[in-house]
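Each remark here refers to the structure printed beneath this line.
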Amino acid sequence: MIHMGLLNVIRRMALREKQSIREISRRTGLSRNSVRWPLARVPGLRRCAWSWHL
């Protein structure tokens, strides 16, 4: 399990420092899938269970 501090480090490396997923996985020792997981989730942006389409 990845704790919040490491999630923040991963996000910072990707967004501010513009490092690739492969480079982040090398530096943190995590797999590339584990690095992709927090980057795919943006806090506060969740889809509604219902839609406006008729």
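Tell me, in nm to one decimal, what length is gained between ARG27 and ARG12 on full extension, where the rule is 0.36 nm per residue of separation less the Cα-Cα distance?
Working: separation 15, 0.36 × 15 = 5.40 nm, distance 1.30 nm.
Additional length available on full extension: 4.1 nm.
Put simply, the amide H of GLN19, placed in the peptide plane, has neighbours under 5 Å in ALA14, leaving out anything fewer than 5 places away on its chain. Here the Karplus curve 6.51 cos²θ - 1.76 cosθ + 1.60, taken at θ = phi - 60°, turns the phi angles of region 15-25 into couplings of 8, 8, 8, 6, 8, 6, 4, 5, 5, 5, 5 Hz, with x standing for Gly and Pro. Between the amide H of LEU30 and any residue lying 5 or more places away or on another chain, no distance stays under 5 Å, with hydrogens modeled in the peptide plane.
Where a number appears in this text, it was derived from the coordinates with a stated rule and is not lab data. Everything quoted here is computed from the prediction, not taken from an experiment.
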